[in-house]
Amino acid sequence: MIKTIDWQDDAVVMIDQKRLPQEERYLTCINYRQVIDAINDLTIRGAPAIGIAAAMGVALGMLHVPESSSPAFREDFNDLCRQFLRTRPTARNLFWAVERMKAYFSRIFPSNGPLDAPALRRSLVDEAKRILDEDIAANRRLGEFGAALIQSGDNILTHCNAGALATGGYGTALGVIRAAVEQGKNIHVFVDETRPVLQGARLTAWELVKERIPATLITDSMAGFLMSRGKIDKIVVGADRIAKNGDTANKIGTYTLAVLAKAHDIPFYVAAPTSTIDLETPEGSAIPIEERTPEEVTSWGGCRVAPEGIDVYNPAFDVTANRYITAIITEVGIAMPPYDKSIPAMAGKDRINEGN
């Protein structure tokens with residue numbers, strides 16, 4: 001299995017996704033600032049993976065804070081959490097993971113409790129590692145639920161990368177595909193290139209080649225044509241944040257695919273763990289959308305492909321309204337419309353099981 005991120009010898013080790021597919025290289029982060037940089041510059045990306053990285057980054061930072069008074073130790077922890085929360089605004093899993101670390105810290109270090117810094121540090125490391133292990137297990141359960149929606153012979157379109165590289169391992173959208181293949185189903189995957197950073201061409205294609213799953217790479221603009229020719233049976237994508245009503249933020253271009261799928265009567269599935277659900281966000285219009293640098297659009301591989309002086313708009317995500325989504329696949333089951341009822345029920349199952 002592809003190892004996206006791990007805790008090794010009191011360091012956070014992650015595959016450098018910026019170098020794929022040319023080079024499989026791992027980055028070892030020995031301080032929390034390196035983890036923050038890795039999140040910001042897309043060395044690690046994908047909502048679940050970002051959440052794991054943030055949890056591990058907080059734990060890593062706490063290994064190196066001075067052992068002083070209880071209030072100072074607590075404030076150092078809160079400052080670390082604030083720094084990670086300022087990295088990428090759209091991925092709900094990042095906020096979920098930091099909130100979980102904060103809740104855990106409050107349980108093991110109550111306001112009137114004595115300061116045992118060594119024990120607290122190790123406990124935070126253990127909690128971050130649990131988040132990783134639970135994510136992998138959740139992806140496998142999600143994959144099993146999703147595979148029930150896949151038939152042998154299906155041609156499946158996916159967008160961006162929602163595979164092992166976007167998670168602790170196994171994947172969400174690609175987890176569904178992996179599980180279907182493991183069940184012996186004969187399927188074929190069409191991979192959108194996913195401009196402007198080409199996560200589909202660089203990362204999803206790399207994963208599928210590595211796993212020997214039959215796949216064909218296409219440009220983003222070809223998807224509608226393939227649908228019109230009957231080449232696509234189902235679409236499966238990941239998610240960065242799911243609102244309470246089922247509206248879903250995912251990589252830019254996802255909304256376009258959903259509208260096209262509706263026009264061609266093609267099932268459109270979203271696959272994501274319940275940690276991606278944000279019950280505090282009532283609908284998609286309230287989801288914060290990250291805007292990234294113009295250079296991602298104007299240049300590639302250090303070579304400028306657009307003229308100097310051109311204005312650039314570079315939102316990293318778009319929002320797909322719930323009416324375009326056939327079902328939302330999670331590790332606790334498959335949510336169906338009406339999502340304003342099924343989504344809170346799914347999140348409630350997660351809260352009941354969390355920490356067990």
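No lab work stands behind these numbers, since they all come straight from the coordinates. What you see is a predicted model, and the numbers here were worked out from it, not measured in a lab. In this analysis, Cβ positions are derived from the backbone assuming ideal geometry, glycine residues included, and neighbour counts consider all displayed protein chains.
Looking at the stretch 21-67 only, could you name the residues that are of a type in the set (D, E, K, R) and either surrounded by 23 or more Cβ atoms within 10 Å (Cβ to Cβ) or within 13 Å of the chain's Cα centre (by Cα) (or both)?
Arg45
For residues that are aliphatic (A, V, I, L, M) and touching a residue at least 12 places away in the same chain (Cβ under 8 Å), scanning just the stretch 68-101, find the one that is farthest from Thr276 (Cα to Cα).
Leu80
So which residues in the stretch 308-317 are surrounded by 19 or more Cβ atoms within 10 Å (Cβ to Cβ) and either in a strand (DSSP E or B) or in contact with a Ser or Thr (Cβ under 6 Å, 6 or more places away or on another chain) (or both)?
Phe317
Looking only at residues in the stretch 144-154 that are surrounded by 18 or more Cβ atoms within 10 Å (Cβ to Cβ) and in contact (Cβ under 8 Å) with a residue 40 or more places away in the chain, which one is farthest from the chain's Cα centre (by Cα)?
So, considering only residues that are surrounded by 18 or more Cβ atoms within 10 Å (Cβ to Cβ) and in contact (Cβ under 8 Å) with a residue 40 or more places away in the chain, the one farthest from the chain's Cα centre (by Cα) is Asp154.
Quick grid of which residues meet (1) out of contact with any helix residue (DSSP H, G or I) (no Cβ under 8 Å at 6 or more places or on another chain); (2) within 26 Å of Pro315 (Cβ to Cβ):
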site: Leu20; (1), (2): no, yes
site: Arg25; (1), (2): yes, no
site: Ile39; (1), (2): no, yes
site: Ala55; (1), (2): no, no
site: Ala59; (1), (2): no, no
site: Ser70; (1), (2): yes, no
site: Glu75; (1), (2): yes, no
site: Asp79; (1), (2): yes, no
site: Arg86; (1), (2): yes, yes
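What is the number of the single condition among (1) farther than 22 Å from Asn93 by Cβ; (2) under 17 Å from the mean Cα position of the chain (by Cα); (3) acidic (Asp, Glu) that Glu207 does not meet?
Among (1) farther than 22 Å from Asn93 by Cβ; (2) under 17 Å from the mean Cα position of the chain (by Cα); (3) acidic (Asp, Glu), Glu207 violates only (1).
Test Ala179 against the criterion of being over 17 Å from the mean Cα position of the chain (by Cα), buried (at least 18 other Cβ atoms within 10 Å of the Cβ) and small (Gly, Ala, Ser), and give yes or no.
Here the answer is yes, as Ala179 does meet what is asked.
Filter the stretch 321-351 for residues that are over 19 Å from Leu257 (Cβ atoms) and in a loop (DSSP other than H, G, I, E, B) and give the result.
Residues satisfying the conditions are Glu331, Val332, Met336, Pro338.
Does Leu115 satisfy the criteria of being farther than 14 Å from Asp240 by Cα, touching a residue at least 40 places away in the same chain (Cβ under 8 Å) and not in a helix (DSSP H, G or I)?
In short, yes.
Mind checking which residues of the stretch 267-281 are surrounded by 22 or more Cβ atoms within 10 Å (Cβ to Cβ), part of a loop (DSSP other than H, G, I, E, B) and not small (Gly, Ala, Ser)?
Pro273, the sole residue that qualifies.
Could you figure out which of (1) crowded, with 19+ Cβ neighbours inside 10 Å; (2) farther than 30 Å from Asp154 by Cβ; (3) among the hydrophobic types (A, V, I, L, M, F, W, C) isn't true of Ile232?
It fails just one condition, (2).
Within the stretch 88-109, is there a residue that is in contact with a strand residue (DSSP E or B) (Cβ under 8 Å, 6 or more places away or on another chain), within 24 Å of Asp240 (Cα to Cα) and in a loop (DSSP other than H, G, I, E, B)?
Yes, there is a match, as at least one residue in the stretch 88-109 is in contact with a strand residue (DSSP E or B) (Cβ under 8 Å, 6 or more places away or on another chain), within 24 Å of Asp240 (Cα to Cα) and in a loop (DSSP other than H, G, I, E, B).
Report, by residue number, each residue of the stretch 31-46 that is under 11 Å from Leu60 (Cβ atoms) and in contact (Cβ under 8 Å) with a residue 24 or more places away in the chain.
Asn31, Tyr32, Val35, Ile36, listed by residue number.
Going by what's in this entry, would Glu75 be described as charged (D, E, K, R), outside any helix (DSSP H, G or I) and within 30 Å of Asn112 (Cα to Cα)?
For Glu75, the condition - charged (D, E, K, R), outside any helix (DSSP H, G or I) and within 30 Å of Asn112 (Cα to Cα) - is not met.
Filter the stretch 1-20 down to the residues that are touching a residue at least 60 places away in the same chain (Cβ under 8 Å) and under 18 Å from Gln199 (Cβ atoms), then identify the one that is farthest from the chain's Cα centre (by Cα).
Among those residues, the one meeting the criterion is Leu20.
Looking at the stretch 211-247 only, could you name the residues that are without any contact (Cβ under 8 Å) to a residue 12 or more places away in the chain and hydroxyl-bearing (Ser, Thr, Tyr)?
Within the stretch 211-247, just Ser221 meets the criteria.
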